[in-house]
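Heads up, the thing below is written out as structure tokens.
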Amino acid sequence: MVSFEEEASGGQIAEGTVALRIKGPDGTETGPVQLMDMAGQFGADVSMADKGNYELTVGSRLQDGKTRQFVFSYEVE
């Protein structure tokens with residue numbers, strides 16, 4: 001699940017298109033996984049079964065029409 005907030009007001013942004021790509025510990029990368037609207041947040045079921053570091057790239061086009069990309073990592077121990 002991911003959620004977005006408007007910086008000025010702190011209000012939740014609930015409209016737009018969001019997708020996720022996952023790069024696994026072995027270097028393979030998934031195609032984009034479309035995240036669904038879930039009560040004002042965006043989410044999907046994904047599997048990160050192998051131990052190691054994953055790189056997650058979230059791309060979004062929210063209600064203001066701007067595209068944004070966020071990259072972070074998660075380690076499965």
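The values are calculated or read from the model by the stated rules, or taken from the named source; none is laboratory data. Only a predicted model underlies this, so the values are computations on that prediction, with no experimental measurement involved. Every residue, glycine as well, gets a Cβ built from its backbone with ideal geometry; the counts of neighbours run over all protein chains shown.
Considering only region 2-21, how many residues are under 23 Å from SER73 (Cβ atoms) and either among the β-branched types (Val, Ile, Thr) or at pLDDT 95 or above (or both)? Steps first, answer last, please.
From region 2-21, those under 23 Å from SER73 (Cβ atoms) are 2-5, 18-21; that's our starting set.
Then keep just the ones that are either among the β-branched types (Val, Ile, Thr) or at pLDDT 95 or above (or both); that gives 2, 18-21.
Summing the residues that are under 23 Å from SER73 (Cβ atoms) and either among the β-branched types (Val, Ile, Thr) or at pLDDT 95 or above (or both) in region 2-21 gives 5.
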Can you tell me which residue in region 22-44 is surrounded by the fewest Cβ atoms within 10 Å (Cβ to Cβ), limited to those that are at pLDDT 95 or above and charged (D, E, K, R)?
ASP26
For GLY65: the one exception among (1) touching a residue at least 40 places away in the same chain (Cβ under 8 Å); (2) assigned to a loop (DSSP other than H, G, I, E, B)
(1)
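Quick one: would you say ASP45 is in contact (Cβ under 8 Å) with a residue 12 or more places away in the chain and part of a loop (DSSP other than H, G, I, E, B)? It would help to see each step written out before you state the result.
Numbers: in contact (Cβ under 8 Å) with a residue 12 or more places away in the chain: no; part of a loop (DSSP other than H, G, I, E, B): yes.
So ASP45 fails the test.
Residues being of a type outside the set (Asp, Glu), touching a Phe, Trp or Tyr at 6+ places or on another chain (Cβ under 9 Å) and modelled with pLDDT of 95 or more: count how many of those fall in region 52-67. Spell out how you get there, then give the answer.
So in region 52-67, the residues of a type outside the set (Asp, Glu) come out as 52-54, 56-63, 65-67.
If we keep only those that are touching a Phe, Trp or Tyr at 6+ places or on another chain (Cβ under 9 Å) as well, we get 53-54, 56-60, 62.
Filter once more, so that each one left must be modelled with pLDDT of 95 or more: 53-54, 56-60.
Matching residues across region 52-67 total 7.
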